[in-house]
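**Student:** Take a look at this one; I'll ask things after.
Laboratory data are not the source of any read-out in this text; all were calculated from the coordinates shown. Bear in mind that the values here come from a model prediction, so they are computed numbers and not experimental data. No Cβ is skipped: glycine too gets one built from the backbone with ideal geometry, and neighbour counts run over all protein chains shown.
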Amino acid sequence: MRRRDFMTFMASAAATWPPAAQAQQPATPVIGFLHTGSRASLNGSGYLSGFEQGLHETGYVEGKNITIEFRDADGRSDRLPSLAAELVRGRLALIFASDNAAAIAAKAAAGTFPIVFWIGGDPVKLGLVASLARPGGNITGVSGIATMLVAKRLQLLHDMVPNVRSFAILINPANPQAEADVTEAQGAALQLGLQLDVLKAGSADEIDAAFATLDEHRIGALVVEGDPFLSQQSQQLYKLTARQRLPAIFTNPIDAARGALMSYGTDIGQQYRDAAIYVGRILKGEKPADLPVQQGTKLSLKINRKTAASLGLAIPPSLYNFADEVIE
């Protein structure tokens with residue numbers, strides 16, 4: 001075959017090759033970061049510093065030898081499937097999914113694409129892995145055991161306001177973990193002899209509407225469950241609970257520092273670090289199926305003394321002694 005004919009043949013063949021085959025691989029690995037909430041709430045949470053620390057411990061520094069492509073749904077979980085598909089079409093090394101809904105969307109879109117998650121629920125019940133010890137497939141990560149803490153939050157809040165009998169739990173119904181959280185809370189309320197209302201909100205207006213019903217139902221205390229959208233609206237929630245003089249417990253340890261009465265949950269920043277270490281190990285050749293799902297074990301109760309005083313509450317000695325921190 002003459003050289004001119006050969007070059008013509010190669011040009012014609014290249015036009016029929018799949019885009020992935022034609023694309024030059026990036027000089028550094030690219031991680032797709034899928035998040036249900038907003039970038040502002042993610043940056044303000046402190047979680048990203050934990051993620052960056054875990055990458056650094058495995059030898060990766062963003063902007064130096066690794067790139068992170070963020071996709072944020074701004075609190076709208078219905079956007080996640082298209083965002084996950086967009087990431088899968090890119091030239092990525094893997095996807096990090098930063099919450100329940102993001103992990104489910106990533107798994108649905110990824111096929112055999114490697115995924116590492118942080119979630120606040122049970123990854124087996126959510127259909128993400130076969131088991132904690134042997135996740136199988138292409139996905140693994142860290143679970144914050146959130147469902148098992150719902151009952152404890154209700155109990156701690158009841159300890160703070162023992163004379164209150166009517167409680168409510170605020171959830172985002174779009175969160176795949178919401179139904180399990182409600183079931184857990186209802187069981188705990190029954191054991192404690194408390195009345196429990198379920199408030200649902202997936203938008204700022206729905207949060208306002210939910211709080212408008214509190215007086216009607218004579219709700220005396222509120223459990224705010226963990227959710228990317230509700231975390232995104234934390235300032236709105238702090239203001240509403242303060243305005244209505246409503247004792248409330250949140251999930252993120254930083255909530256109490258920002259003005260909430262109480263917070264009880266796992267150290268999510270540390271868990272992001274652990275998840276990022278898995279990211280680094282997979283980038284170096286390990287398989288998700290061989291990395292067992294980790295569960296958060298470090299729990300933290302924080303109480304804001306100033307908020308308690310503004311509500312006319314004295315911190316019971318039992319809670320004071322149990323708390324990891326009483327914020328002055």
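**Student:** Report P(r) for the stretch 107-235: all Cα-Cα distances, bin width 10 Å, range 0 to the bin holding the largest distance, values in whole percent.
**Tutor:** 12, 37, 31, 15, 5, 0
**Student:** Restricting things to alpha carbons, find the Rg to Rh ratio for the stretch 199-284 using the Kirkwood radius for Rh. Could the numbers behind the result be given before it?
**Tutor:** Details: Rg = 15.9 Å, Rh = 14.3 Å.
When Rh is taken as the Kirkwood radius, the ratio is 1.11.
**Student:** Take every Cα-Cα pair in the stretch 242-328 and report what % of them are more than 18 Å apart.
**Tutor:** 53 percent
**Student:** Between the helical axis of 268-283 and the dominant principal axis of the chain, each derived from Cα atoms, what acute angle in degrees is found, rounded to the nearest 10?
**Tutor:** Between helix and principal axis, roughly 10 degrees.
**Student:** Also, quick follow-up: Once the Cβ-Cβ distance between Thr183 and Thr213 is put in as r, and R0 is 22 Å, what FRET efficiency do you end up with, to the nearest 0.05? Kindly include the intermediate steps, with their values, before the conclusion.
**Tutor:** Numbers: r = 21 Å, r/R0 = 0.97.
Efficiency computed from Cβ-Cβ geometry: 0.55.
**Student:** If the only charges are +1 at each Lys and Arg Cβ and -1 at each Asp and Glu Cβ, what is the size of the charge dipole of the stretch 140-225 around the Cα centre, to the nearest 20 debye? All intermediate terms of the calculation are to be shown ahead of the outcome.
**Tutor:** Details: 5 positive and 11 negative charges, 68 e Å.
Result for the stretch 140-225 is approximately 320 debye, rounded to the nearest 20.
**Student:** Relative contact order, percent, of the chain when contacts are C-alpha pairs under 8 Å separated by at least 6 residues? Before the final figure, lay out the partial values.
**Tutor:** Values: 622 pairs, mean separation 65.6, N = 328.
Relative contact order for the chain comes out at 20 percent.
**Student:** Past the 22 Å Cα-Cα mark, which pairs from Lys200/Lys239; Lys152/Lys200; Lys64/Lys107; Lys64/Lys298; Lys152/Lys298; Lys152/Lys302? Let's see the in-between values first.
**Tutor:** Values: Lys200/Lys239 18 Å; Lys152/Lys200 20 Å; Lys64/Lys107 28 Å; Lys64/Lys298 32 Å; Lys152/Lys298 14 Å; Lys152/Lys302 14 Å.
Going by Cα-Cα distance, Lys64/Lys107; Lys64/Lys298 fall outside the 22 Å limit.
**Student:** Still on this structure: Give me a comma-separated list of calculated 3J(HN,Hα) values for the stretch 186-197, in order, Karplus coefficients 6.51, -1.76, 1.60 applied at θ = phi - 60°, integers in Hz, x for any Gly or Pro.
**Tutor:** These are the phi-based 3J(HN,Hα) values: 5, x, 5, 4, 4, 5, 8, x, 10, 8, 10, 9 Hz.
**Student:** Right, here's the next one. Evaluate 2.2 N^0.38 Å with N set to the residue count of the stretch 43-194, then give the Cα radius of gyration divided by it.
**Tutor:** Details: Rg = 18.1 Å, N = 152, 2.2 N^0.38 = 14.8 Å.
This ratio for the stretch 43-194 stands at 1.22.
**Student:** Under the 0.36 nm per residue contour assumption, what length would be gained going from the current alpha-carbon distance of Val326 and Ala27 to full extension? Could you put the intermediate results ahead of the total?
**Tutor:** On the way: separation 299, 0.36 × 299 = 107.64 nm, distance 4.81 nm.
Value of the extension gain: 102.8 nm.
**Student:** Gain in length, Ala204 to Leu132, computed as 0.36 nm per residue apart minus the alpha-carbon separation, to one decimal in nm? Don't skip to the answer; put the middle values down first.
**Tutor:** Details: separation 72, 0.36 × 72 = 25.92 nm, distance 3.55 nm.
Gain on extension, Ala204 to Leu132, equals 22.4 nm.
**Student:** So, with +1 on the Cβ of K and R and -1 on the Cβ of D and E, and no other charges, what is the size of the charge dipole of the chain about its Cα centre, to the nearest 20 debye?
**Tutor:** Numbers: 30 positive and 31 negative charges, 177 e Å.
Around 840 debye, computed over the chain.
**Student:** Which of Phe211, Ile31, Asn304 sits farthest toward the positive end of the charge dipole of the chain, with +1 on the Cβ of Lys and Arg and -1 on the Cβ of Asp and Glu?
**Tutor:** It is Ile31, whose Cα lies furthest towards the positive end.
**Student:** Can you give me the angle between helix 147-160 and the longest principal axis of the chain, using Cα atoms only, in degrees from 0 to 90, rounded to the nearest 10?
**Tutor:** Taking the Cα atoms of the chain, the angle to 147-160 is about 30 degrees.
**Student:** Would you please give the residues with an amide H less than 5 Å from that of Leu301, counting only those at least 5 places away or on a separate chain, with H modeled from the backbone geometry?
**Tutor:** Here the answer is Asp324, Glu325, since their amide H atoms fall under 5 Å of that of Leu301.
**Student:** Taking every Cα atom in the stretch 161-216, find the radius of gyration and the maximum pairwise distance Dmax, and write them in Å.
**Tutor:** Rg then Dmax for the stretch 161-216, in Å: 12.0, 33.
**Student:** Which ordering of Ile207, Ile115, Ile68 is given by a fewest-first count of other beta-carbon atoms within 10 Å? All intermediate terms of the calculation are to be shown ahead of the outcome.
**Tutor:** Numbers: Ile207 22, Ile115 26, Ile68 18.
The fewest-first ordering by Cβ neighbours comes to Ile68, Ile207, Ile115.
**Student:** Here's a follow-up. With viscosity set to 0.692 mPa s and temperature to 37 °C, compute the Stokes-Einstein D of the stretch 166-316, Rh being the Kirkwood radius across alpha carbon pairs; µm²/s, no decimals.
**Tutor:** Details: Rh = 16.9 Å.
In µm²/s, the coefficient is 194.
**Student:** Would you work out the charge dipole size for the stretch 21-94 about its Cα centre, treating the Cβ of every Lys and Arg as +1 and the Cβ of every Asp and Glu as -1, and quote it to the nearest 20 debye? Numbers along the way, then the final one.
**Tutor:** On the way: 7 positive and 8 negative charges, 38 e Å.
The calculated dipole for the stretch 21-94 is roughly 180 debye.
**Student:** Which value, to two decimals, describes the C-alpha radius of gyration of the chain once divided by 2.2 N^0.38 Å?
**Tutor:** Working: Rg = 22.9 Å, N = 328, 2.2 N^0.38 = 19.9 Å.
In units of the globular-protein estimate, the chain measures up at 1.15.
**Student:** Against the longest principal axis of the chain, how steep is helix 204-216, in degrees 0 to 90 to the nearest 10, with axes from Cα atoms?
**Tutor:** Tilt of helix 204-216: around 20 degrees.
**Student:** R0 = 22 Å: FRET efficiency of Thr67 with Glu286, Cβ-based, nearest 0.05? Mind showing how you got there, number by number?
**Tutor:** Details: r = 20 Å, r/R0 = 0.92.
It comes to 0.60.
**Student:** Under the 0.36 nm per residue contour assumption, what length would be gained going from the current alpha-carbon distance of Arg245 and Thr297 to full extension?
**Tutor:** Details: separation 52, 0.36 × 52 = 18.72 nm, distance 3.23 nm.
Between Arg245 and Thr297, full extension yields 15.5 nm more.
**Student:** Once the principal axes of the Cα atoms of the stretch 115-159 are found, what is the range along each, listed largest first in whole angstroms?
**Tutor:** 43, 15, 15
**Student:** How charged is the neighbourhood of Tyr238? Take every other residue with its Cβ under 10 Å from the Cβ of Tyr238, and add Lys/Arg as +1 and Asp/Glu as -1. Let's see the in-between values first.
**Tutor:** Numbers: positive: Lys239, Arg243, Arg258; negative: Asp255.
Counting the neighbours of Tyr238, the net charge comes to +2.
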